[in-house]
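Undergrad: Encoded as structure tokens, here's the structure I'll be asking about.
The values are calculated or read from the model by the stated rules, or taken from the named source; none is laboratory data. For clarity, every value in this text was computed on a predicted model and none was experimentally measured. Cβ placement follows ideal geometry from the backbone for every residue including glycine, while neighbour counts extend to all protein chains displayed. Ligands, DNA and RNA are stripped out before the accessible areas are found, and what is left, the full protein with its side chains, is counted by its heavy atoms. Shrake-Rupley method; radii C 1.70, N 1.55, O 1.52, S 1.80 Å.
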Amino acid sequence: MHTRIRTFVARCTIAASLVVPALAAHATLATFNLRWEGTPPGGQPVTATGRITFDTDVLPRRLGGSSYPSISLPHPAVTDLEITVTGSQQGDGTFTLEQYDSLAFFVGGSGLDLSRELIGQVLDNGLVFGPSSLGGVDGASGGFELNNDSGPGSLPESMWWFNLFPAPDADGSQYGLTMVSFAPAVPEPTGAALLLAGLGLVAARGRARRRLPA
């Protein structure tokens, strides 16, 4: 019996040694789901949804009390970005990290919890992180901005704080969308599932061997 237990523990250790390094390699990546909304005067609702992934070990660590500086893209701190605009006259489409030149993510205080929805959080100084329409103070609460200074005007870009402007309409007018959500994505249980599956397989094989006739 003791031999079987030692064998089982050894197999579990081997399975864990194969999976844990993979989990550690991805532990510093944090993905957030993004959403902007707006309705042009006399028009239909326009939305922009997407995601961004930061490498938190590389992202400048000035969150709380100051701000993140503007990041020139590409940058190792930003590993993925995708935004899809729907409902606009001429600005619909999906846009990716390679199309942007810079990003700014700044906070007008301390105490922002990155593990839950960011928009609407009250910072330690009493300010609300988010646009003024959701309780924030423009220019003081913080902001999230995307820009492309050298590319064509077909990209959705930011002009200040928590907005996103799709490409101009046919008459040249633009309408800003307001950020309403900046929430951590539910982590994919890939690594944990692999570990559990590996341990389960080892246990199943051990039980199968015990059932074999001597």
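Undergrad: Ranked highest first by average number of other Cβ atoms within 10 Å, how do 157-166, 44-53 line up?
TA: On the way: 157-166: 21.3, 44-53: 17.3.
Ranking, from highest mean packing down: 157-166, 44-53.
Undergrad: Could I ask something else about it? Go ahead and collect, in residue order, the members of the range 108-127 whose backbone nitrogen is under 11 Å from a label point 7 Å along the Cα-Cβ direction of A140.
TA: Counting only backbone N, you get 126-127.
Undergrad: Sticking with this structure for a sec: Which order do the peptides 112-120, 85-93 take when ranked by the mean count of other beta-carbon atoms within 10 Å per residue, highest first?
TA: Highest to lowest by the protection proxy: 85-93, 112-120.
Undergrad: Quick check for you: with a 1.4 Å probe and neighbouring chains kept, what is the accessible area per residue of the range 120-180, in Å²?
TA: Solvent-accessible surface per residue comes out at 43 Å².
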